[in-house]
Structures are given as structure tokens and as C-alpha cells.
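Heads up, the thing below is written out as C-alpha cells.
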């Protein structure tokens, strides 16, 4: 069984500030981990994924995430927020195969203040 | 590459009618497709997994007679919501898994269903 917990359903940052979205996972097998972004009334866009290679993963739009096995975490960061980053972000885990079913966290809504 | 489409993007139907939603992988063959449901301001919940040519596997609590899934070809899966009720109103998202490496999932843009 696997699960994902995203701490903070809403995060608000000022434009230009650091973005930190938290994700902790539980998995009985080595996990594959993903971050997706969703804009209103749209599907999911993959930001980045961890598939057991480098623990620091760089994604699109300046986002990156670090896999920390000891902390069972996969937090998403971006050094400087843009207004266009305002969206819903989902962390997800699959059981060791990038194509297997995904279990999603509850989501974090990122708000960016001018 | 790796584009997944859904049709329609929005649909409004009357209570008691049936609605069909299509999910297509446009430039790759998908041996497996997943159907998710998302209520407003909530996360995605997996409804079912469909494999080409076989019956779908439904998650616990999902009524298979109400949500009919067909995966008749390697590029098309359909979800039919039968005898729709207002509580079925939701955002339905499909994803398709490549049948060849890399075995990754790609998501469709979603279908907004409103039952009046």
C-alpha cells in the first residue's frame, strides 16, 4: 500500500520569494514519485519525476525536488515565484513503475501575491 | 509526442441520461488506461484501470454497472456514465500508459460533467 501526504492545502508566497511545497510518502516498495501542476479546468502537467536515479530532480519551469529516503519526503521547490506559478500542485507515488497506477496527495493550492 | 485527448471537454446532461467520454492516445499505443475522478477542490481518485481487450478493474466503492469502461483498441478507452445523477457531476480525467518503453502515464485534459 502507498500513500501521499501534502502538508498545507494552501500556500501563499510573494512574487520572487521561495516556493516550498511539502510532500511525504509511504510505500512498501521503492517508490517512483511525481509532481504535477493543474491549472483551473485543465488536466495534469508533469513537472518532474523521481525514478531511482539522481535524488535531486530538476523539472520544468524552474522547479526541482529532492528525494530523501530517510525522511520519506519529496518536497518541491522553486527559488523565485512567478505569478504564472499560481495553480494546484499534486504529489503522487507509484509502486516502483512509472506506468503503474498513481496515488495522489490531497493537493496544494499555490497563491502568488504581487 | 505522448498526447492524450479527451472528448468532450464539457458536457451537460439531464438526470437519468447516459454520457460517454472518450480518451484517446494520439501518437502512441496505450495498453493500459486509467480513469480518475476529481471533485471540486479535491484530489484525483482512481476509479478504474482498463487494459486493452479485457475487462476493467474497478477500485473499491466504484459501481462498475454505473461507470462502464471499454478499452476496445490500443488508442481508445471510453467511460460511460449510465443513468447519471447530479452527484455524478465531477471532473473526469483519463491517463494512458505506453505499451512500450518508457512505460509512463500521460494525462488527458479532463472532461467536466454537469448533471442537471
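Derivation of every value follows stated rules applied to the coordinates shown; laboratory data play no part. The shown structure was predicted, so the numbers you read here are calculated from the model rather than taken from an experiment. Every residue, glycine as well, gets a Cβ built from its backbone with ideal geometry; the counts of neighbours run over all protein chains shown.
Once the C-beta distance of residue B:5 and residue A:7 is scaled by a Förster radius of 41 Å, the resulting FRET efficiency is 0.75 to the nearest 0.05. Full extension of the chain between residue B:66 and residue B:20 gives 15.4 nm of extra length, using 0.36 nm per residue less the Cα-Cα distance. For a label point 7 angstrom out from the Cα of residue B:29 toward its Cβ, which stretches of the range B:62-89 have the backbone nitrogen within less than 13 Å? Correct set: B:73-76. The shape of chain B comes out prolate: with a ≥ b ≥ c from the C-alpha gyration tensor, a/c is at least 1.5 and a/b beats b/c.
When each of the peptides A:83-91, A:6-14 is scored by how many other beta carbons lie within 10 Å of its residues on average, the order from highest to lowest is A:83-91, A:6-14.
Shape verdict for chain A, please, from the Cα gyration tensor: rounded (a/c under 1.5), prolate (a/b greater than b/c) or oblate. It is prolate, given that a/c is not under 1.5 and a/b is the larger ratio.
Applying 1/(1 + (r/R0)^6) with r as the Cβ-Cβ distance of residue B:45 and residue B:116 and R0 = 25 angstrom yields a FRET efficiency of 0.60. Kindly identify the protein assembly as shown as rounded, prolate or oblate by the Cα gyration tensor criterion: order the square roots of the eigenvalues as a ≥ b ≥ c, call it rounded if a/c is under 1.5, otherwise compare a/b with b/c, prolate if a/b is larger, else oblate. Prolate, since a/c reaches 1.5 and a/b exceeds b/c.
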